[in-house]
1. If I ask for residues that are outside any loop (DSSP other than H, G, I, E, B) and open to solvent by less than 60 Å² (accessible area, probe 1.4 Å), which ones from segment 99-120 would you list?
2. Of a type outside the set (Val, Ile, Thr) and open to solvent by 20 Å² or more (accessible area, probe 1.4 Å) - does that describe any residue in segment 251-258?
3. Can Ala411 be described as touching a Phe, Trp or Tyr at 6+ places or on another chain (Cβ under 9 Å) and of a type in the set (Gly, Ala, Ser)?
4. Hey, any hits in segment 389-401 for a residue that's free of Cβ contacts under 8 Å to residues at least 24 places away in the same chain and within 17 Å of the chain's Cα centre (by Cα)?
5. Pairs, please: C-beta under 8 Å, at least 6 apart or cross-chain, first residue touching a residue at least 12 places away in the same chain (Cβ under 8 Å) and on the phi > 0 side of the Ramachandran plot and in segment 117-143, second open to solvent by less than 10 Å² (accessible area, probe 1.4 Å) and in a loop (DSSP other than H, G, I, E, B)?
6. Checking Asn88 against (1) at pLDDT below 95; (2) within 20 Å of the chain's Cα centre (by Cα); (3) open to solvent by 70 Å² or more (accessible area, probe 1.4 Å), only one condition comes out false. Which one?
7. Just to be sure before I move on: is Ala26 in contact (Cβ under 8 Å) with a residue 40 or more places away in the chain, closer than 26 Å to Gly171 by Cβ and buried (at least 17 other Cβ atoms within 10 Å of the Cβ) in the structure I sent?
8. Being within 17 Å of Lys161 (Cβ to Cβ) and of a type in the set (Gly, Ala, Ser) is the filter here; which residues of segment 121-135 pass it?
Amino acid sequence: MKYRVDNDLLSIQEARINIELAREAAKELKNFSQEQLDVVVERMSQALHPHIEKLAKMAVEETDYGTFDDKVIKNRFVAEYLPQHLKNQRFVGIIQEDEEQKLLKIGVPVGVIVSMVPATSAVSTAIHNVLIAVKSGNAIIVSPHPRARETVRGVIKLLAKTAEDAGYPSGAISCMQLIAKKGTQELMEHPDVSLLLATGIPKIIDNLKQSTKPYVYGGSGNGPVFLERTCNIKQAVKDIVASRTFDHGMVSAAEQSIVVDQPIDHKIKAEFKQQGAYFMTEEEKQKLLTLLCKKDRSLNPAYVGKSASYLADQANMTVPSDTKLLIYEQPYVDESNPFTQEFLSPVLAYYVENDWQHACERCIELLMETMKSHTLVIHSQDEEVIRMFALKKPVSRMLVNTPSTFGSMGATTNLFPSMTLGSNAFGIMASSDNISPEHLTTIRNIGYGVREIQECFEKTNSGKSETKIEDVIKQLLKNMME
């Protein structure tokens, strides 16, 4: 008699085992110094170097998303640049001391972290989240997207072994082997899990909100880019093309909509065409949308992370052989228009506005349309316009004169180098920062006694009739009761 294997039950059991091991490891990690943690981070970084290209190749082959060369860049970014940036930074133990004010700040690891990584940037996201978890003295359980499970398992196995050889507790770094809905639910609801860290998985947002756990969501993007009349046109277009075509457009922070200042519209279009962009007709746009979107308007995964020329060929469009981007000009923002959603491919919407004030409103409209507050880019030499955009936009991060993909992750800007970018400008997520070890700790504030309570009122009462401290306290208590 054959018995059916229940993967849901097995995944629940695996989740519980991983959590129990991580919980015990987290207890040990409370005694680790920043110096001990730094040794582990450095060893993991060194262990990754020989495998960077192999992991990129595995990710492309398993997921069928993106490009090998660009995934190598992402892997190097987290395996080489990130650890270098983390050196000499303190996140646990005494992280700040003010001898004059008699104040201390102590960083305390949150405990057990569950990291859910996407298929689009599976390797680089997994490496990033493990490195910042170790830097901040936490245990971490990685739950990979089913489409990238083998590749992620491989990199986590490498990181876990390297960390344990360097003295990190056994069970502090693990990866789910069975990926099932019930197992994921167990990870999200188990009382011993301290923090949920999800990157680029829109379908999980509702579960995060319903969970009682603190969470960080590295959000989906719908980022507009504004080309203001004073911008360096050639450089701005070059930045957008490089950013939107990187890894075939799968980075959430990449530009999604172009908003152009009307006086430079014709120059912008000419430059885009010169640099490999193709402007679609209405008929061609409809062909493309039929390809990219299912009937319920959700993305068709078969066409995620594919090149512009491949998409054009599949949609029976005739385009130049060197086409890198597909662009469609839009007259207005319409909630029924599929172009308002995030396309994980080298496709851009194009809007023209009379001046920067109208462009400002258009950008707000685009950001509000899908309630995604990820990233906004402006290309301009007018500092006043730049500041006005920064003050008015409901967005987590604004980038100036840089490619959005690279600027947002901290490669071409001095933002923290991160593959998990929070989106909190509307108040619906847990953080609007580039997620770092700082977000995986709590801060314990220490204040030494430096004065008697009477001294608090000496300056306020100077020159006035003397007030007894007993009367002051009584009045304070009375105010609190009211």
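1. Listed by number, the residues that qualify are Leu104, Ile106, Gly107, Val108, Pro109, Val112, Ile113, Val114, Ser115, Met116, Val117.
2. The answer is yes, given that some residue of segment 251-258 is of a type outside the set (Val, Ile, Thr) and open to solvent by 20 Å² or more (accessible area, probe 1.4 Å).
3. On the way: touching a Phe, Trp or Tyr at 6+ places or on another chain (Cβ under 9 Å): yes; of a type in the set (Gly, Ala, Ser): yes.
Considered against the rule, which asks whether it is touching a Phe, Trp or Tyr at 6+ places or on another chain (Cβ under 9 Å) and of a type in the set (Gly, Ala, Ser), Ala411 comes out as yes.
4. Kept after step one, since they are free of Cβ contacts under 8 Å to residues at least 24 places away in the same chain, are these residues of segment 389-401: 390-391, 398, 400.
When the remaining residues are screened for being within 17 Å of the chain's Cα centre (by Cα), the result is 398.
Yes, segment 389-401 contains a residue that is free of Cβ contacts under 8 Å to residues at least 24 places away in the same chain and within 17 Å of the chain's Cα centre (by Cα).
5. As it stands, the answer is Gly137/Val92, since those pairs meet every condition given.
6. (2)
7. Values: in contact (Cβ under 8 Å) with a residue 40 or more places away in the chain: yes; closer than 26 Å to Gly171 by Cβ: yes; buried (at least 17 other Cβ atoms within 10 Å of the Cβ): yes.
Answer is yes for this residue.
8. Filtering segment 121-135 down to residues within 17 Å of Lys161 (Cβ to Cβ) leaves 123, 126-127, 130-131, 133-134.
Those that are within 17 Å of Lys161 (Cβ to Cβ) and of a type in the set (Gly, Ala, Ser): Ala126, Ala133.
The values are calculated or read from the model by the stated rules, or taken from the named source; none is laboratory data. Computed from a prediction, not measured in an experiment: that's the story for all the values here. Here the Cβ is made from the backbone with ideal geometry for all residues, glycine too, and neighbour counts use every protein chain on show. For accessibility, only protein heavy atoms count, side chains too; no ligands or nucleic acids. Shrake-Rupley method; radii C 1.70, N 1.55, O 1.52, S 1.80 Å.
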